[in-house]
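Worksheet: one structure, shown below.
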Amino acid sequence: MPSAEEAPPVEPKGLRYDELHRGGLAGAWRPFVGVPLVAVLFVAVQFLLTALFTVYFLLVSRDTYEIADRLSSDPVTPAFLAFVNLGWALAIPGVLVVALLLHHQRPGLVASVVGRLRWRWLLTCLALSVVALAATVLMASVLPDQGASGVEMSGDLNPWTSKARDFVLITLLLTPLQAAGEEYVFRGYLVQAFGGVANLFGPRVGATVAVVVPALLFAVAHGLGQDVPTFFDRFAFGLVAGVLVLLTGGLEAGIAMHVLNNFLAFGLALSFGDMTEALNPSGGSWWSIPVTLTQSFVYLGLALWAARRMGLATRTETATGGAILEARQGRV
């Protein structure tokens, strides 16, 4: 029988998602090392992917100008979209490694307070996202032009080409991984890191910082040259996703909305516009803000209602082993 010194630490009970680092190794300095470390690993992955893509294209074509064209972001090519999506997808193992090695946190606790991704809840959120996006499209249809950051379905349908086919395949296969990668970074590690430090000043301060700071960084990460309506749209999404992480205890709701958002944006771009504008929108209109708020509040309300109906666990288990949020139809 192991001595008290050899026994593993007892994981604290009743922790909210942004408090989960308290279940690992103590040390307020750890998030200040972890956040830059996640960024360094992300940049390292980009260099690795660049090398791999370059080697691949050198094998199929020795024309360096053609290689540059295939990886171009202006205009966006299928290869560039695949590069971006894979870069964010590989951020997931990076986050899990930092959580494990630096915080001694079980990797599953980045996904949710129950230590795993809750697939039934994720699928429910995907269905709710469809409803929220339908409300968004309806609102957009009765308002004036919302510019590049709005929902635009006018004009002639784009022709079906091999390039369009490649974009569709990459979007369907890799965009869900890209969306999940962004959520693991911004609503996963960053929420727990900033929340863990800010919770030293009280739970309300911790919750506020855990939601607002990652949402701001999420919007800034999409480019410093954004116009205000486009920036607001991304910041609002970050706020809603952050609130849902805390109130539902995991990343599933944010991942679902992120995936459907990108599917809608890329689908409309392939049908009526172009992918370059979809990835780098400019010229947004203030009329896009009511559309953004419609999506945000509809999805937030639906997700919180569904979480309550499903009895979703929003904290780690109590000392008696029960969920913090009592289930009506069984715990998820």
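The values are calculated or read from the model by the stated rules, or taken from the named source; none is laboratory data. Predicted model only: the values in this text are computed from it and were never measured. Neighbour counts are summed over all protein chains in view; Cβ atoms, including those assigned to glycine, are modelled from backbone coordinates with ideal geometry.
Brief remarks follow.
- Just so you know, in the stretch 25-52 the residues that are touching a residue at least 60 places away in the same chain (Cβ under 8 Å) and within 18 Å of the chain's Cα centre (by Cα) include one that is surrounded by the most Cβ atoms within 10 Å (Cβ to Cβ), and it is V38.
- Selection within the stretch 284-297: residues that are in a helix (DSSP H, G or I) and surrounded by 20 or more Cβ atoms within 10 Å (Cβ to Cβ). The member of this set that is modelled with the lowest pLDDT is S288.
- Elements of type helices (runs of 4 or more DSSP H) contained in the stretch 54-134, each with 3 or more residues being modelled with pLDDT of 90 or more: 78-89, 91-103, 108-111
- Total residues in the stretch 212-237 satisfying the condition of being assigned to a helix (DSSP H, G or I) and either within 19 Å of G94 (Cβ to Cβ) or free of Cβ contacts under 8 Å to residues at least 60 places away in the same chain (or both): the figure is 14.
- Checked against the criteria, V84 does not count as more than 21 Å from H222 (Cβ to Cβ), under 18 Å from the mean Cα position of the chain (by Cα) and buried (at least 18 other Cβ atoms within 10 Å of the Cβ).
- When the residues of the stretch 115-131 are filtered to those that are surrounded by fewer than 20 Cβ atoms within 10 Å (Cβ to Cβ) and among the aliphatic types (A, V, I, L, M), the one that is farthest from D166 (Cα to Cα) is L117.
- Among (1) closer than 18 Å to N85 by Cα; (2) assigned to a helix (DSSP H, G or I), the one test that P281 misses: (2)
- Residue check for M139: surrounded by 18 or more Cβ atoms within 10 Å (Cβ to Cβ), of a type in the set (A, V, I, L, M) and at pLDDT below 95: yes
- Filter pass, T248 being farther than 15 Å from A179 by Cβ, among the β-branched types (V, I, T), touching a strand residue (DSSP E or B) at 6+ places or on another chain (Cβ under 7 Å) and at pLDDT 80 or above: no
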